[in-house]
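Take a look at the structure set out below.
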Amino acid sequence: MPKDLFLEIGTEEMPAGFIPKALESMQGLLKKALEDNRLGFKDVSALGTPRRLVIFIKGMAEKQADTVVEATGPAKRAAFDEHGKPTKAAEGFAKSQGVKIKDLKIIQTPKGEYISVRKVVKGKKTKDILQDVLPKLIASSEFFPKTMRWGSGDIYFARPIHWIVALFGKDIIRFKVGNIKSGAASCGHRFMKPQPFKITGFKDYLKKTKAAYVIADPEERKKLIQKGIEKEAKAVKGIVLQDNGLLDEVANLVEYPVPLCGGFDKEFLSLPKDVVVNAMREHQRYFSVVDKNGNLLPYFITIANTKTKDPKVVIKGNERVLKARLSDAKFYFDKDIKIPLTERVDQLRGVVFQAKLGTSYEKVERFTELAVFIGAMLDQCEPFRPEEKVEEFLGEDYNPKAFDSFSIGPKLFNKMVVGRAAMLCKADLTSGMVGEFPKLQGVMGMEYALISGECTDVARAIYEHYLPTQAGGKLPSGIPGAVISIADKMDTICGCFAVGQNPTGAADPYALRRQALGIIAIIIEKGFPVGIDKIIDKSISLLNTKLTRTPADVKKDVLEFFKERLRNQLMPQGYFFDTVDAVLSAPWHDINDAVKRVKALEEFKKNPACNALVVAFKRVSNILKGGDLKNERPDAALFEDVNEKALFETAERIAPEIEQYGKEGNYEKLFETLASLKGTIDTFFDKVMVMVDDEKIRRNRLVLLNMIRNLYYQIADMSRVAG
């Protein structure tokens, strides 16, 4: 009869961020171990709190299924002598298989007659297999990003293990991890009901843990927290400021959530909203309360892990802590606003960005010029003049607030916005507020810019240049913020590659992968028609005094880095590998154009003509492999066969159409036009020998095929498309 497996690992409190990933990884590792041991099951579920990780597997068989094993031994002539008596080879094979000589069979194979044995291997008991699998799973601790050795033993885990429950049905699976023996006893809430209690299965566990003030299911805890904070907010005539990330984190900080509402002095509402919210969220894990218009109210909601006799005592304690935090914030804010943002820029000379790349001031100078260059590429800005200096953007002559875009022209106005915002966007790093609350960088830059009298376009770009802050995150809404974001990120990427700080599989301290994905996301979302190679060239040129490698090597590595990030971004969207590979093997530096080609090629693959056309193009590419024919034209006077002439004339006819469709980005029509070549190419290969002895004729035919290849080589390497 099928039985259920229940496993609980009880520990000291684990970090909240460890729990979701640990549960997901544990499920995967255990499922694989069961599959490797031929143990079927119906379903796997996982639960967890800061003190326990639980895996429940439903419907497991009591033993492995019996299997039939067939093994082939030596040839018959080696296994038996001329009298039919078994040799040592036959005896050794029989012994290795655990059978007698009489159990050996003669089978016919393509290589002749061989001896064989067919035997039934009895399946092991599931309980015995689990007795081996479970302790190895726990001891491996592969499901944590960081582990430590606790005590004098050799077991590594996120936190010390205090108990292990392992049941198959109602039977205990006996094993030992370090000095902890498995059993059937779990424990309740550390403070409210710490006594151990025995369990008989999953349903019994859920019932008894709830009675012991433990809500084992993270989703249930989240629902309880959401309901509780909404109730507390309603009691003070407010609404919870929704924060799903904080909700997920808090749900993994407690075993028994108890919402409590406290307040703070209204004087702190004079601070920017983000400052107050950040102080509550990042330092105390409090939920903020707002009115129906989104204005902050002087209340917070905290989630306690215990019921107390007098909740007011707990609330008062939290209010004291928050008051200290907000007082610090107000002190730094009042002090910071006394210094205009433009005066803070010079302080960046004393902030080291990276030892080999210099100070943050040097970085700002580089990406300010790069941002204006990108803006000019997009025809949004006037270009940066050789005699100009980036410091001039801090002067009043370059302050966009002092000018009207209609009187000076939109391109000059945008240049002022981009240049000034770029020069100011790191200035808040020298402020006391960002020093105390690092996650407010950019946010405080925007606030201080507005207080300093900068225009809203500049202030918004200062904030938005940090976006996106994570994969799939919010992108800049305006062109200036998007352009500066690309420039800042590109300077970091090219700079790190220039001094040998390339990311590795184990380390990416400057988050270069995330920054490259951010650049790609902005370019795609904004539809920027820019060549990433040109931006890289400009960025490397601005780093000329910092390079420890040749510019060509840096560019090559950075382009390959971006290509892999683009590939990784396209693959999860449902495009096949061969489609993406074919397009990225052609010129791809205009990212939006490359994405359009991927979509068009993916659609063209549904065309019945595509497969045969790909085969034809593969023949073209294979015969040209290793040849260096560049863009030579075939000599029509050397054509000896009408099929050579037909292929040449067809290529000549459709080449202008393909070029025009490429300029228009009409790749659907382009691929349809390419499809018209199929029959002519097939006939050419059927009737014409390319690799003839006459060197002139052979080369001319190769040049003709290269002309055909060039029709599609700039769009996609069709030879890479799977047939």
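Worth a mention:
- For segment 692-701, 3J(HN,Hα) computed residue by residue from phi via the Karplus equation (6.51, -1.76, 1.60; θ = phi - 60°) reads 7, 5, 5, 4, 5, 5, 4, 5, 5, 5 Hz, glycine and proline entered as x.
- For the peptides 219-232, 473-486, the ranking by packing is 473-486, 219-232, with the highest mean count of neighbouring Cβ atoms within 10 Å listed first.
- For segment 593-708, a simple Cβ point-charge model (Lys and Arg +1, Asp and Glu -1, everything else neutral) yields a dipole of about 400 debye relative to the Cα centre.
- Calculated percent of Cα pairs over 51 Å apart (choose from [x] 44; [y] 14; [z] 39), label: [z]
- Within the chain, DSSP assigns beta bridges of which about 95% are antiparallel (rounded to the nearest 5).
- Cβ crowding within 10 Å ranks H465, H283 as H283, H465, fewest other Cβ atoms first.
- FRET efficiency estimate (nearest 0.05) - Cβ-Cβ, S96 to Q131, R0 30 angstrom: 0.65
- Straight-line cross-link reach from K198 at under 18 Å between alpha-carbon atoms covers these aspartates and glutamates, not counting any fewer than eight positions away in the same chain: D4, E8, D171.
- Calculated [θ] (222 nm, deg cm²/dmol) that DSSP helices of n ≥ 4 give over the chain, each run adding -39,500 (n - 2.57): -15000 deg cm²/dmol
- Ascending count of other beta-carbon atoms within 10 Å, so fewest first, for D635, D66: D66, D635
- Local net charge near F617, Cβ-Cβ under 10 Å (Lys/Arg +1, Asp/Glu -1): +4
- The string of couplings for segment 666-683 from the Karplus curve (6.51, -1.76, 1.60, θ = phi - 60°) is 8, 6, 4, 5, 4, 5, 4, 5, 4, 4, 5, 7, 3, x, 5, 5, 4, 5 Hz, one whole number per residue in order, with x for Gly and Pro.
- Listed values for segment 225-232 are Karplus-derived 3J(HN,Hα) couplings in whole Hz (6.51 cos²θ - 1.76 cosθ + 1.60, θ = phi - 60°), namely 5, 4, 5, x, 6, 5, 5, 5, and x replaces Gly and Pro.
- When you count the other C-beta atoms within 10 angstrom of each residue and take the mean per peptide, 394-401, 127-134 line up highest first as 127-134, 394-401.
- Each residue, E220 and A304, gets one label point 7 Å from its Cα in the Cβ direction; the gap between the two is 2.2 nm.
- Highest mean packing first, where packing is the average number of other Cβ atoms within 10 Å per residue, the peptides 80-91, 49-60 line up as 49-60, 80-91.
- Applying 1/(1 + (r/R0)^6) with R0 = 60 Å to the Cβ-Cβ distance of N631 and F403 gives a FRET efficiency near 0.80.
- Using a simple spin-label model with pseudo-atoms 7 Å out from Cα toward Cβ, K42 and T200 lie 1.9 nm apart.
- Two-decimal Rg/Rh across segment 1-124, once Rg and the Kirkwood Rh are taken from alpha-carbon atoms: 1.30
- Assigned charges on the beta-carbon of Lys, Arg, Asp, Glu; the chain dipole about Cα centre (debye): 4380
- Put a dot 7 Å past the Cα of K645, heading toward its Cβ, do the same for E657, and the two dots end up 2.2 nm apart.
- Whichever aspartates and glutamates have a C-alpha closer than 15 Å to that of K193, once near sequence neighbours (fewer than 8 apart) are set aside: E255
- q = 0.11, 0.17, 0.19, 0.25 Å⁻¹: log10 I(q)/I(0) that the Debye formula gives for segment 234-316, counting C-alpha atoms only: -0.29, -0.69, -0.86, -1.37
- Partners of K203 within straight-line reach, counting lysines whose Cα lies under 16 Å from its Cα and excluding those fewer than 8 residues away in the same chain: K3, K58, K170.
- Computed over segment 594-650, Kirkwood Rh from alpha-carbon pairs, angstrom: 14.2
- Inter-part distance, segment 444-463 to segment 400-416, computed on C-alpha centroids, equals 17 Å.
- Here the calculated FRET efficiency for K389 and M689, from their Cβ-Cβ distance with R0 = 56 Å, stands at 0.25, rounded to the nearest 0.05.
- Overall, the ratio between the Cα radius of gyration of segment 265-360 and 2.2 N^0.38 Å, rounded to two decimals, is 1.46.
- Per-residue extension of 0.36 nm, minus the Cα-Cα distance of E319 and D291, leaves a gain of 8.0 nm for this segment.
- Whole-angstrom gap from segment 86-114 to segment 176-231, using each part's C-alpha centre: 58
- Proximity of backbone amide H atoms, modeled 1.01 Å from N, is registered between L297 and V289, V290, D291 at under 5 Å, excluding neighbours fewer than 5 places apart on the same chain.
- Area projected by the alpha carbon convex hull of segment 343-573, averaged over all directions, nm²: 12.6
Read-outs: derived from the displayed coordinates by stated rules, not from any lab. All figures in this text were calculated on a predicted structure; none of them were measured in a lab. Note: ideal-geometry Cβ built from the backbone for every residue, glycine included; neighbour counts use all protein chains shown.
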